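Written below as structure tokens is the structure these notes are about.
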Amino acid sequence: MHRFGVAVLACVVVVSIGGCSASPASTAPAELPILVLDPEEPDPEALAARFLGGGLSPQEGVTPDDTRAMFACGDEAVWIEPGELTYLAGEPREPVTITLDEARGIALEFLNDTIGLPDDVVQVERVGAVMAEELDSSGPGTPYSYSIEWQRVIDGVPVAGAQWIRVEVCESGVVSQLHRRWHRVVSEGEVIRLQPPVEIIDIAAGLKGGSCPDHSAEPTAEDVAAARLVYHVPFTGDQHLMIPAWEVTASDGEQYYFHAGTGAALDW
């Protein structure tokens, strides 16, 4: 595990949600290109060595069809697959003895010491405390780790979907996990001429087509009018693309994504 020098302070439970701004429909650019992504890591073993050092050893997949590159050193492990990196160093077992601000600094230092902070990263987007009841330990109200997350903005447009860097900081400054989904942009594809969301989005058709998640609150016409422009990266499928999209948020907080040029519902 990676440890950093920090003072031992009283536990502080803080949950704060921030957000990166985005262009509403009224101020969006006239067009944006689809961005083509390269999910491959050129040298997985060298990447794993940044976390595990020279003593790492390759590991077998969990199942015969497990294609992840897996490495371990002692209690630490790194899993690498196309566009995704996971570092694990055990579960937190003691309450945190640091503040949220210290945890944020530790997470940033850990990133800079391993994979570095990308140029297109934005401010901390989400910070939360993992509470004791989630680990079935100690009792409710005790923070056992802090989750620090960064998200991405490209040319002023936030990236939604499967792109983030998340670091878990626990105990007295121990980083227990890092998870990165951050595809490299290699080229520009088709240029999409953006259309106003109220003119091209048909919520009923999108839900009927099955491309949107099934939630209790369906977006309204007002939600569509308030859509924000994003680059959308789906969690599923083999197309590694960032697609200009309108993000529509329903009253229950769930997001729906529609192609910014055609209004077609986009898969998760």
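Contact map, the stretch 239-268: first residue farther than 21 Å from L37 by Cα and of a type in the set (D, E), second residue at pLDDT 95 or above and outside any strand (DSSP E or B), Cβ cut-off under 8 Å, separation 6 or more or different chains; the map is empty. When you check V36 against the structure, is it at pLDDT below 80 and more than 15 Å from T114 (Cβ to Cβ), yes or no? So V36 fails the test.
Considering every residue within the stretch 95-117, establish whether at least one is of a type in the set (A, V, I, L, M, F, W, C), at pLDDT 80 or above and closer than 30 Å to I192 by Cα. Break it down into steps so the answer makes sense when it comes.
In the first step, residues of the stretch 95-117 are kept if they are of a type in the set (A, V, I, L, M, F, W, C); the result is 96, 98, 100, 103, 106-108, 110-111, 115, 117.
So of that shortlist, the ones also at pLDDT 80 or above come out as 96, 98, 100, 103, 106-108, 110-111, 115, 117.
From what's left, closer than 30 Å to I192 by Cα: 117.
Yes, the stretch 95-117 has at least one match.
Among residues of the stretch 171-185 being closer than 15 Å to E102 by Cα and outside any strand (DSSP E or B), the one that is modelled with the highest pLDDT is G173.
The set of residues in the stretch 46-66 being touching a residue at least 24 places away in the same chain (Cβ under 8 Å) and among the charged types (D, E, K, R) consists of R50 alone. Considering the stretch 33-92, and only residues there that are part of a loop (DSSP other than H, G, I, E, B) and at positive phi, the residue that is surrounded by the most Cβ atoms within 10 Å (Cβ to Cβ) turns out to be G83. Residue pairs whose Cβ atoms lie under 9 Å apart, separated by 6 or more positions or on different chains, with the first residue in the stretch 181-199 and under 22 Å from F235 (Cβ atoms) and aromatic (F, W, Y) and the second modelled with pLDDT under 95 and assigned to a strand (DSSP E or B), are W182/E84; W182/L85; W182/V121; W182/R152; W182/W164; W182/I165.
The values are calculated or read from the model by the stated rules, or taken from the named source; none is laboratory data. Model, not experiment: these values are computed from the prediction. Here the Cβ is made from the backbone with ideal geometry for all residues, glycine too, and neighbour counts use every protein chain on show.
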